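Read-outs throughout are calculated quantities, based only on the coordinates presented, and are distinct from any laboratory measurement. These numbers come from a predicted model, not from an experiment. Here Cβ is always computed from backbone atoms with ideal geometry, including for glycine, and neighbour counts include all displayed protein chains.
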Amino acid sequence: MILLVCRAILSVEKTSRKVNQTFMTKAVQLRATPAFYLTLVGLLGFMGVAYLVTTDRLSAFDTPIITWMQSWESPTWTALAEFCALLGSAKIVIILSIITMVLLYFVLKHRSELIFFLIVIGGSASLNVILKSVFSRERPTIHRILEETGYSFPSGHAMGAFSFYASIAFLLWRHIPQKWGRVLLILAAVGMILMIGLSRVYAGVHYPSDILAGYLISGCWLAFWIYWYQWYKERSQNQPRK
């Protein structure tokens with residue numbers, strides 16, 4: 001009888017361990033999700049562009065694109081470039097970010113999304129300052145349609161636009177059930193990001209490689225935090241309710 005009881009206890013303990021292991025696996029296991037791979041692609045892509053910039057091997061890529069885009073110079077295109085520069089400026093991004101944070105905290109009550117948004121936007125801005133100081137690349141001098149100061153690589157407008165509009169698209173995606181609504185959301189975000197980036201090349205204040213690097217490193221930064229945000233949400237859902 002004692003042996004049977006001991007076996008029963010051992011059986012219960014083994015079952016309990018298996019349940020606990022299953023729960024812990026679901027709760028904390030880190031998986032190679034699409035966000036994980038996008039983080040790697042963005043990081044490796046940025047490193048590749050940065051290497052080519054520091055070794056001065058991108059002139060054949062940058063100069064023809066700038067020349068072609070500026071061949072379209074006109075008052076209309078210049079006005080559009082000025083408008084896009086305004087949309088991607090620090091002042092406008094800060095204003096829109098504050099509005100977004102107010103909506104997330106007070107209206108929608110999405111605390112975790114607010115923290116995610118703060119980390120992505122604030123971190124992207126800080127990262128841009130650091131990277132510009134590290135690479136210290138001067139702005140192009142081919143033909144300045146608009147004037148700008150500071151270093152060129154990577155583009156602050158490109159990084160800010162990508163971080164802001166892409167993170168907004170990510171946060172809104174799961175709240176839009178209709179397929180056509182999601183398509184419009186992605187098109188709007190991509191359109192804003194591309195317009196702001198390309199306008200900087202047209203204006204003569206950035207090389208195309210500055211814009212490309214800004215997109216890559218911002219994509220890496222955003223994907224990295226999407227990965228951890230999704231992991232946190234999954235872990236929260238798997239935790240037992242008290």
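When averaged across all projection directions, what area in nm² does the alpha-carbon convex hull of segment 167-231 cover?
The Cα convex hull of segment 167-231, projected and averaged over all directions, gives 4.9 nm².
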message = Could you tell me the calculated FRET efficiency between residue 98 and residue 147, based on Cβ-Cβ distance and R0 = 25 angstrom, to the nearest 0.05?
response = 0.35
query = Which of the peptides 140-146, 152-158 is most tightly packed, and how do the rest follow, going by the mean number of other Cβ atoms within 10 Å of each residue?
reply = 152-158, 140-146
message = Tell me the label only: which of (i) 1.16; (ii) 1.01; (iii) 0.96 is Rg/Rh (Cα atoms, Kirkwood Rh) as calculated from this structure?
response = (i)
remark   = Shape call for segment 147-197, from the Cα gyration tensor axes a ≥ b ≥ c (a/c under 1.5 means rounded, otherwise prolate when a/b beats b/c, else oblate), comes out prolate
key: Kirkwood hydrodynamic radius (C-alpha pairs) into Stokes-Einstein, segment 97-154, 10 °C and 1.306 mPa s, D in µm²/s   = 115
message = Using helices alone, I'd like the mean residue ellipticity at 222 nm for the chain: each DSSP H run of four-plus residues gives -39500 (n - 2.57), total over residue count, nearest 500.
response = -26500 deg cm²/dmol
request  = Can you tell me the equivalent ellipsoid semi-axes for segment 94-212? Use √(5λ) from the Cα gyration tensor, largest first, whole Å.
outcome  = 30, 17, 10
remark   = Which of 91/132; 91/233; 179/233 exceed 29 Å between C-alpha atoms? The answer is 91/233
ask   = Roughly how many Å is it from the Cα centre of segment 151-215 to that of segment 63-108, as a whole number?
value = 9
